[in-house]
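Down below is the structure, laid out as structure tokens.
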Amino acid sequence: MTHTRTTRLRRPLLAGTTAVAAMAVTVGFMAATPEQAKAATGPKLSLIAATGSVTLTSWKEEPGVYLDLGTYLTAEGTPLELKVTRKSYKDPVTITQTVFEGGRTKTKTLPQGTVKDFSGLPGFAEITVTDRTGKVVANRAENFCPNNASGRVRPDAPSTSKYPESCPTNPFTLGSVWGVEKGWAANTYAGSYTQPVKLAAGTYTAKVRVAKKYRDLFGIADKPATVKVTVQERSWEEGPGAPAARSASGEHAGHGAAHQAPAGHAGHGASHQAPAAHSGHGPGHDPTPAQAGAPETSGAGPSYNVGHGPLKAAPPAVPWAVKRQQAARADAQGAVDAAGQTDGSRKAPALTPRSQRPAGTPSVPNVPKPDLRSLPAYGITISDGGQNIPGKDYLAFSANVWNAGPAQLVVDGFRSPGKAKMDAYQYFYDARGKQVGYTPTGTMEWDPRPGHVHWHFTDFASYRLLKADKKEAVRSGKEAFCLANTDAVDYTVKNANWHPYNTDLSTACGQENSISVREVLDVGSGDTYTQDLPGQSFDITDVPNGTYYIQVLANPAKRLKETNLDNNSALRKVVLGGTPGSRTVTVPAHDLVNAN
């Protein structure tokens, strides 16, 4: 269990997968031995190095080097596709491989214990670093997320990868899909899941090999990749206009994009800044060098999703010609998915609000509907509520409501001239994506508070602090939400969309002068509100010490139409202690999930 006490909340470090810039590489593929090829029932996988040498930065403020070496796992013949799931939080995480043979697929169950969580294949890449004398100065094994930033390794490979672009980070994830598309290569760098290595400025040799258990499991040849490494030292205080850092040899060295200084020092990549309408999304630390945003064409850094939790790393650049082809296909399909694309390969165009209210008689047709479910609360801590009020104690937490499908939740808001609120409507669609019905479903209201500054759909969820006997002790005033697909909760459910559109607040929820707003929660994704946002806490100043439950309840007024209304609640046990003005909270494990 976890015991937490704090006087002021700090934004938790993002744990999203990061990867180095995906780059075009020309390589000689390393074929497996005949014995390995015969034993293999899946794709032909190889470990390659995109370059023979890299320059890494050691920051004086945070000594250490992230071993971002530019090594990739390539897939030929067929994709590498893995599905990682757990039946419940009482069950261990299991993994299966989808094997493609003769135009058909079959499922291969991998050995129990292959994975422990959803961060990737544990201990996949074994890294040994030696200095000029041949002395080993670092030796470690790192996880590999097949969804890391990737790119094509040959021109006739599929123009886009159907697989998600990161491994999920939510502690209550239920299912994930990992994959390396055929003709593509995925970076083996463990990103934010790894720790830096202390290396002095100088030159080194890094050798990377795939661990034996994975070589045997996937039929990968034992051919390590070797990379020359130059370590340079820099300081955050140098700023963007400072001279380039010097390596031990005294030569100027470039600054790797994936290790830019934090926003407060060297400028946050423009592609990852919140738009002006959302620039006030609450306080928080600037990201560390490993988290700092990289240019959107690099696929290097995680988006810094202020207020809504971690986001995936930016995908690699898509050539303009490919973008035109994608746009043409979307137009040809009438801006809907093609029939039968329910395996996650679809890339649905963004849904935009209608220009006027729906006409005709409201109806709730017999078509697929969303299934809203809550995850147990996490990120639980004691705070001062962000207001520094003496003697006040708040129990803060993060919460997520997700959509288990099989249909999107689509809600439009329409504003009458001069009115402060919008009228909200839920839409329903048939199997071809045609709207076949709608129903009124409450209102939307403008929230001007820092950390929000957008339109909220009311009565989407509610939070309650329950006593040990499950009777209500405190109710949170927050019951309105801006919907965004911040977390991949379970991409193995039917109709899960592996590439949801509105993954942060820059693409949903409108501005103060909006006349209409469309908010969408896609299948398989959930919307996280982190514990440092207004409303994400209970005032426990006068609440006695003891055992309580944080309840996250989706669709509390049952205004939204769902496939199931009996699975909307999730409880998380907490134990309050301490004295007024200095309260504590103990958070027991939730079944097998030991995360506060």
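Within segment 48-69, the set of residues being under 17 Å from Ala149 (Cα atoms) and buried (at least 23 other Cβ atoms within 10 Å of the Cβ) comprises Ala50, Tyr66, Leu67, Asp68, Leu69.
Yes/no per residue for (1) at pLDDT below 85; (2) of a type in the set (Val, Ile, Thr):
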{"position": "Lys470", "(1), (2)": "no, no"}
{"position": "Ser476", "(1), (2)": "yes, no"}
{"position": "Ala488", "(1), (2)": "no, no"}
{"position": "Thr503", "(1), (2)": "yes, yes"}
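Cβ-Cβ under 7 Å, sequence separation 6+ or interchain: first residue in segment 100-117 and closer than 20 Å to Lys182 by Cβ, partner part of a loop (DSSP other than H, G, I, E, B). Which pairs? Filtered contacts from segment 100-117: Phe100/Thr78; Phe100/Pro79; Lys108/Thr41.
Of note, Pro63 does not satisfy the criterion of being over 30 Å from Trp236 (Cα atoms), of a type outside the set (Val, Ile, Thr) and part of a loop (DSSP other than H, G, I, E, B).
Residues of segment 82-100 that are within 15 Å of Cys167 (Cα to Cα) and open to solvent by less than 10 Å² (accessible area, probe 1.4 Å): Leu82, Val84, Ile95.
Here is a yes/no grid of residues against (1) of a type in the set (Ser, Thr, Tyr); (2) over 23 Å from the mean Cα position of the chain (by Cα):
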position	(1), (2)
Pro79	no, no
Tyr89	yes, no
Pro92	no, no
Thr98	yes, no
Thr114	yes, no
Asp117	no, no
Glu126	no, yes
Ser150	yes, no
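If you filter segment 544-563 down to residues that are of a type in the set (Gly, Ala, Ser) and under 30 Å from Ala589 (Cβ atoms), you find that the one that is least open to solvent (accessible area, probe 1.4 Å) is Ala554.
The set of residues in segment 101-127 being assigned to a strand (DSSP E or B) and surrounded by 16 or more Cβ atoms within 10 Å (Cβ to Cβ) consists of Leu121, Pro122, Phe124, Ala125, Glu126, Ile127.
Checking each residue in segment 586-596 for being in a loop (DSSP other than H, G, I, E, B) and either of a type in the set (Val, Ile, Thr) or under 24 Å from the mean Cα position of the chain (by Cα) (or both) picks out Ala589, Asp591, Leu592, Asn594, Ala595, Asn596.
The values are calculated or read from the model by the stated rules, or taken from the named source; none is laboratory data. Treat the numbers as computed from the prediction; the structure is a model and nothing was measured. Cβ sites come from the backbone with ideal geometry, for glycine too, and all protein chains shown count toward neighbours. For accessibility, only protein heavy atoms count, side chains too; no ligands or nucleic acids. Shrake-Rupley method; radii C 1.70, N 1.55, O 1.52, S 1.80 Å.
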